[in-house]
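> For reference, the structure I am asking about is given below.
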Amino acid sequence: MEIVVCVKPVPEAETRLRPAAGGATLDPEAVKFVLAGYDESAVEQALLLREAVPDTKVHVVAYGPAPRTEEVLRAALALGCDRATWVEAPAQTTGDPLEAARALAAAIAGAPHDLVLCGKQAGDDEAGLVPSALGELLGVPDFELVVDLRWRAADGRFTFERTGDAGAEQWECPTPVVIGLQQAWNDPRTAKLPNILKSRKAPIAKVTAALAADAPKSRPEKFELPPPRTGAKMIEYKTPEEAAAKLVKLLREEAKVFP
Amino acid sequence: MPDFSLTPEQESLRDLARKFARTEMAPHAAECDRAARFPEEIYRKAWELGLMNLNVPAELGGSGLGAFDQCLMVEELAYACGGMTTSIIANCLALEPILLGGTPEQKERFLKPFCAEYRLASFCLTEPSGGSDAAALRTRARKDGEEYVLDGEKCFITNAPHASLYTVFATVDPERKARGITAFVVPRSAPGVTPGKDEEKMGHRASSTSTVRFEGVRVPVSDRLGAEGEGFGLAMRTLDHTRAGIGALATGIAQAALDRAAEYSLKRVTFGKPIAEHQAIQAKLADMVQAVHAARLLTWHAAWTIDHGGRGTLESSIAKTFASDSALHVADEAIQTFGGYGYMKEYPVEKLLRDAKLTQIYEGANEIQRSVIARELLREYA
Amino acid sequence: MTDTVLVVAESRAGHLADATREAIGVARALAAGGAVEAVALGREGTALVNELAQLGVARTFLAADPAWDEVGASAAAVAVAAAADRSGASLVVVGGTSGGRDLVGRLAVRWNAAAATGVTAAERADGGLRVRRPIFGGRATETRRLEGGRGVLSLRPHAFPVPPDAPVPAHAEPLAVEVPPAWRAAKRTGVRAAGPSSGPGLTDAAIVVSGGRGVRAPENFALIEALAAALGAAVGASRAVTDAGWRPTSFQVGQTGRAVSPQLYIAVGISGAIQHLVGMVSSRVIVAINSDASAPIFKVADYGIVGDLFQIVPALTAEVRKARGLA
């Protein structure tokens, strides 16, 4: 089986976020870009399938600028992926996930792909758009929010569970398919030191993204941090029920954290 | 050394160590300290990821890292726990004499198994009657046919109760002092080898330390490293190679102390403002960060010197002394920043002081280091 | 291209999903006088037409073939694209559901539109669309401009209000669009309904409700747990509670306990000593409920209620259950 894993270099979780000059995007200065959690899960899933299914190869692909994208691909190679392709983006991309999907699809279409695996969403923009866009671009079905992905060799189909709105759905499907995983339910391995050293010398195929100039775009306009905490907004009330209703309304409409 | 930036490869190595330290070591540091528990499961994981035996060459299955890259990683590990780091790097210390003084056959025979499976080794130099005065060691090696018979006792040996191999320094002729000292490789399984009981220590409590007694231990000539009388030089060259690593270990402890103090100072409010806005605390933090930066750069320079073929004795002695003295001082000031809370075992800073203290004592006490520094320095004026 | 906005209608237990109602509210605002239309698929689609009309949807395209209920959520994009072409819409809006999220990418490519998911604000601007959305786990917000004449938006769940009724005559139009053959080979073999949450782990939970000394006795901790259950949240405790043995130390949030940074942290009867704060102060939104108005927790909280927790918490639990439609 040929598995393609799509990954993205994103700022590491502890990064202090700062707007760049102009305020439209994150300031990449002093930001460390890494292979983030959801993508580590996707790589782990691919490697687990390779261990379970004979004659399987894992091809990791990423779209992004130098040098961060190459570094993230090396991290994926150090984990055990068999080969890597870097689809090079201009230094200033729009950050539009559809641009990434188009670039990745062009690189994947020319290579064998029985399964295209993605993490749940990018660790930075958290858009979750790429897997289904890839499905359309590659002309194959796609499923997202997947857990417990397994290969049933007897009839050559995948089985998995998907977090749907009505509950956990059990599915099975043939290849080729694009799968976007749910958040980490496997335990990503850590790359061993000797493999890290080996990955530094591994070849990485590089292609330039052919971006259609007239494709619809989304562009960044502002990157904002929340205002610093100035003390609680105290809720006035006459009855406990009123306090409760006011709080739920604020959590829903103002804070937007109500489940 | 005009370029202070790390290569992407060095960043990957450092990140590996940092990830292991933060996810595997840090969560258990307080518990192992409290219970004086030797967390074998953590040491095994360190071995699996290739974090032990960093100095063993790639041909023998190790990582073959130079001193600088090792220092990068050791600092990250020590940030999480000084004691666990001491045990993780103890193999490097124990195996270095074999790397420096062993024949190709000995290197293959002794070093390959350490890379093939999880094993611990201990460096046995210190004795009850003499720590700093290493040349006056008393463990005897009497030649008997094609074997030596070892008799004596070593103390304060890291990992001794758990080691399967000991690198032992013994004398074939006490009259010759340093020139009688000879190095041997002794398996735990040899009859007459008895590691002692784990000592109860002030700090580095996740590391295991004990005596090792050698009573009539027969060691074949083929397990002697180098010629008779070359042992002292081998021990000193070994310590030259590992000393910068202790500078890194101390720097890691100091960085942890600085981070805890700085974070706390922004949260703790007294007299109506975070204590970070009080001058007394600002002065403390300023002195702490100077010490940490200087310790790191001295360590880097020492490691770089060794990697570029220098002997590095002066540089590594300076690094070890400065970094260990700094670690103690920075940890002390971190406790002071926390005030009463810093004195409570519930908070992580008092452990840092207890762990920092050992770095001033082991791998060559700082008093000896100062003599070495003075001697090396004065050479340039003679 | 007109200002018609097309909404993807989803059903829950035979009725219009709240997420779709929210989407209609957004659609009405963005249509700015133009029409709001909808597309509904599968067996339950027909039943939604009247509810949609009640909210001002002038025309609902129905792809009633039951086969649409059997294929993956993303496949719906094919039908939505066909409906968008028929309606002449320039914008498609879908509510914050997992099914809705799945179809956005495929729809945007197929229908040649710009797209954004999980938006918390959207407005027309300079011939395009301006949207806001949280990023970096809510630690930052980005504003993006969608260009190119066509847009697809999915909303962040519960970020928009349900709009008032604005009834228009119900009008359904059949949409003849085939389930794409490539999807027919995939089969859903079962569904396990979402049951009451057994409670997420403390450090991974999106919402945490913690109780402190103010709870007064171990049996009162049930109040905290009831609120947590209503929110689908994890339960935490201050050191005072775990030291007293009211709950195991694994519940402790704080210096020597766990550090958590959920989207929402509700501190009940917790004074906010630094010991506790260091474990939760990076939560995105903090709510404090305490009888002492000068408790330090109110300095770091976003919302505060000064009052008797034994009255406030049950009232809050009831309100949450009502708002979430729980029995």
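> Any chance the range C:17-27 includes a residue that's open to solvent by 10 Å² or more (accessible area, probe 1.4 Å) and assigned to a loop (DSSP other than H, G, I, E, B)?
no
> Give the residues of the range C:75-134 that are part of a helix (DSSP H, G or I), in contact (Cβ under 8 Å) with a residue 60 or more places away in the chain and either away from chain A (no Cβ under 11 Å) or in contact with a strand residue (DSSP E or B) (Cβ under 8 Å, 6 or more places away or on another chain) (or both), sorted by residue number.
Across the range C:75-134, the qualifying residues are C:Ala76, C:Ala79, C:Val80, C:Ala82, C:Ala83, C:Ala84, C:Arg86, C:Ser87, C:Gly100, C:Leu103.
> To continue, here is another question. List, please: which pairs have Cβ atoms under 6 Å, are six or more places apart or on different chains, and start with a residue in the range A:231-259 that is within 7 Å of chain C (Cβ to nearest Cβ) and charged (D, E, K, R) and end with one that is open to solvent by less than 20 Å² (accessible area, probe 1.4 Å) and part of a strand (DSSP E or B)?
A:Lys233/C:Tyr303
> So which of B:Met52, B:Met73 is within 14 Å of another protein chain (Cβ to nearest Cβ) and either among the polar types (S, T, N, Q) or assigned to a loop (DSSP other than H, G, I, E, B) (or both)?
Working: B:Met73 fails: either among the polar types (S, T, N, Q) or assigned to a loop (DSSP other than H, G, I, E, B) (or both).
Just one listed residue meets the conditions, B:Met52.
> Report yes if C:Ser282 is within 12 Å of chain A (Cβ to nearest Cβ) and either part of a loop (DSSP other than H, G, I, E, B) or crowded, with 20+ Cβ neighbours inside 10 Å (or both), otherwise no.
yes
> Here's something else I'd like to know. Can you give me the number of residues within the range A:208-223 that are open to solvent by less than 50 Å² (accessible area, probe 1.4 Å) and not polar (S, T, N, Q)?
Number satisfying all stated conditions: 6.
> Only one of C:Ser282, C:Ser294 is without any contact (Cβ under 8 Å) to a residue 24 or more places away in the chain and under 22 Å from A:Glu253 (Cα atoms). Can you tell me which?
C:Ser282
> Inside the range C:52-68, can you point out the residues that are of a type in the set (S, T, N, Q) and in contact with a strand residue (DSSP E or B) (Cβ under 7 Å, 6 or more places away or on another chain)?
Within the range C:52-68, C:Thr60 is the sole residue that qualifies.
Condition check ((1) of a type in the set (S, T, N, Q); (2) under 26 Å from A:Val207 (Cβ atoms); (3) over 12 Å from the mean Cα position of the chain (by Cα)) across all residues:
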residue: A:Ile3; (1), (2), (3): no, yes, yes
residue: A:Glu14; (1), (2), (3): no, no, yes
residue: A:Thr25; (1), (2), (3): yes, yes, yes
residue: A:Gly37; (1), (2), (3): no, no, no
residue: A:Ala62; (1), (2), (3): no, yes, no
residue: A:Ala76; (1), (2), (3): no, yes, yes
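> Since A:Val178 meets every condition but one in (1) in a helix (DSSP H, G or I); (2) within 14 Å of chain C (Cβ to nearest Cβ); (3) of a type in the set (Val, Ile, Thr), which condition does it not meet?
(1)
> OK, next. Filter the range B:27-46 down to the residues that are within 14 Å of chain A (Cβ to nearest Cβ) and either at pLDDT below 95 or under 26 Å from A:Glu12 (Cα atoms) (or both) and list them by number.
Step one: of the range B:27-46, the residues within 14 Å of chain A (Cβ to nearest Cβ) are B:42, B:44-46.
Residues satisfying the conditions are B:Ile42, B:Lys45, B:Ala46.
> Could you check the range C:161-263 for strands (runs of 3 or more DSSP E) lying wholly inside it with 1 or more residues that are at pLDDT 90 or above, of a type outside the set (Ser, Thr, Tyr) and not assigned by TED's automatic domain parsing to the domain that holds C:Ala40? Show your work before the answer.
Numbers: elements: C:172-174, C:187-193, C:207-211, C:234-237.
Hits in the range C:161-263: C:187-193, C:207-211, C:234-237.
> Going by the conditions given, is A:Ala111 farther than 24 Å from C:Asn112 by Cβ, assigned by TED's automatic domain parsing to the domain that holds A:Ser41 and part of a loop (DSSP other than H, G, I, E, B)?
Criteria met by A:Ala111.
> Any idea which of B:Val185, B:Val221, B:Val172, B:Val168 is crowded, with 22+ Cβ neighbours inside 10 Å, more than 18 Å from the chain's Cα centre (by Cα) and among the aliphatic types (A, V, I, L, M)?
None of the others qualify; the one that does is B:Val185.
> If you don't mind, another one. Got a number for residues in the range A:178-207 being at pLDDT 90 or above and open to solvent by 40 Å² or more (accessible area, probe 1.4 Å)?
Number satisfying all stated conditions: 12.
> Taking the range B:342-382, which residues are assigned to a helix (DSSP H, G or I), closer than 21 Å to B:Val330 by Cβ and modelled with pLDDT under 95?
Matches in the range B:342-382: none.
> Mind checking which residues of the range A:36-55 are touching a residue at least 40 places away in the same chain (Cβ under 8 Å), open to solvent by 10 Å² or more (accessible area, probe 1.4 Å), at negative phi and not aliphatic (A, V, I, L, M)?
Selection gives A:Gly37, A:Tyr38, A:Asp39, A:Glu40, A:Glu44, A:Arg50.
> Would you say C:Thr143 is of a type in the set (Val, Ile, Thr) and open to solvent by 10 Å² or more (accessible area, probe 1.4 Å)?
Taking the combined requirement at face value, the residue does not satisfy it.
> A further question follows. Restricting to the range A:143-174, give me the number of residues that are part of a strand (DSSP E or B) and facing chain C (nearest Cβ under 7 Å).
So the count comes out to 12.
> Which of the numbered conditions does C:Gly254 fail, given that it passes all the others? Conditions: (1) open to solvent by less than 10 Å² (accessible area, probe 1.4 Å); (2) out of contact with any strand residue (DSSP E or B) (no Cβ under 6 Å at 6 or more places or on another chain); (3) within 14 Å of chain A (Cβ to nearest Cβ).
Failing condition for C:Gly254: (3).
The values are calculated or read from the model by the stated rules, or taken from the named source; none is laboratory data. Keep in mind the model is a prediction, meaning the values are calculated, not measured. We place every Cβ from the backbone using ideal geometry, glycine too, and count neighbours over all the protein chains shown. Calculation scope for accessible area: heavy atoms of the full protein, side chains included, ligands and nucleic acids excluded. Shrake-Rupley method; radii C 1.70, N 1.55, O 1.52, S 1.80 Å.
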